[in-house]
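Report on the structure given below.
The values are calculated or read from the model by the stated rules, or taken from the named source; none is laboratory data. The shown structure was predicted, so the numbers you read here are calculated from the model rather than taken from an experiment. All Cβ positions, glycine included, derive from the backbone under ideal geometry; neighbour counts span all protein chains shown. To get the accessible areas, we keep the full protein, side chains included, count just its heavy atoms, and leave off ligands, DNA and RNA. Shrake-Rupley method; radii C 1.70, N 1.55, O 1.52, S 1.80 Å.
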Amino acid sequence: MEIIKHNLQFNQMTKRDLKKIVLIILHHQCGKGQTVEEIHNYHKNKLKWAGIGYHFFIDFEGNVHQGRPIEFVGSHCAGNNTSSIGICLEGDFRKDKPTQEQLTSCKELIKELNKKLGRQLRVLNHKDLYATLCPVINLKEMVK
């Protein structure tokens, strides 16, 4: 699987032990289509985070983009960031559905992460852990 890397510059991030990662948390973009760089700049400059809070971003065509490296704690699900990897799919699933390409890539990415980390990670929707509608639909069932 090809993962597109961007030259994102982060502020100080917290390194973590990959053995403590037990979850993959799925999100939808919930807004107008933005690139990884635009999300990164918003998270970094407006929210004052280290940079993009998601570890991966999957666009409508199914391209997988590297966000925050998995070696660092994300900023995508309060209370669960140290033990999880955040995957965000492009689109607003309040009115759209993910593309088949996105679902296929998400399934592949989950398999790759399980293989890389040497264990089966639990896959949840953001709303399973936090009081939010994200990702509105039951995305975890769609990528099984």
Checklist entry - Residues with amide H under 5 Å of His28's amide H, sequence separation 5 or more or different chain, H placed in the peptide plane at 1.01 Å from N; which? => result Leu89
Checklist outcome for this item: Calculated from DSSP helices alone, with each H run of at least 4 adding -39500 (n - 2.57) and the total divided by the residues of the chain, [θ]222 nm to the nearest 500 comes to -5500 deg cm²/dmol
Checklist outcome for this item: Relative contact order in percent for the stretch 24-89 (Cα pairs under 8 Å, 6+ apart) equals 38 percent
Next on the checklist: Over the chain, what is the relative contact order in percent, taking alpha-carbon pairs closer than 8 angstrom and at least six residues apart?
Outcome noted: 31 percent
Checklist entry - Simple spin-label model, 7 Å along Cα-to-Cβ: Ala131 to Lys15 in nm? => result 3.7 nm
Checklist entry - Which Cα, out of Pro135, Val73, Leu89, lies furthest along the positive dipole direction of the chain (beta carbon charges, K/R +1, D/E -1)? => result Val73
Item to check | Rounded, prolate or oblate (a/c below 1.5 giving rounded, otherwise prolate when a/b exceeds b/c) for the stretch 70-110 by Cα gyration tensor | outcome: oblate
Checklist entry - Taking the DSSP beta bridges in the chain as the whole, what percent of them are antiparallel, to the nearest 5? => result 20 percent
Checklist entry - By a straight-distance test (C-alpha under 14 Å), which aspartates and glutamates pair with Lys15 as possible cross-link partners, with residues fewer than eight away in the same chain excluded? => result Glu71
Checklist outcome for this item: Counting only protein heavy atoms and rolling a 1.4 Å probe, one gets per residue an accessible area for the stretch 55-144 in Å² of 47 Å²
Checklist entry - Packing-wise, with mean Cβ within 10 Å as the measure, how do 40-46, 15-21 rank, highest first? => result 40-46, 15-21
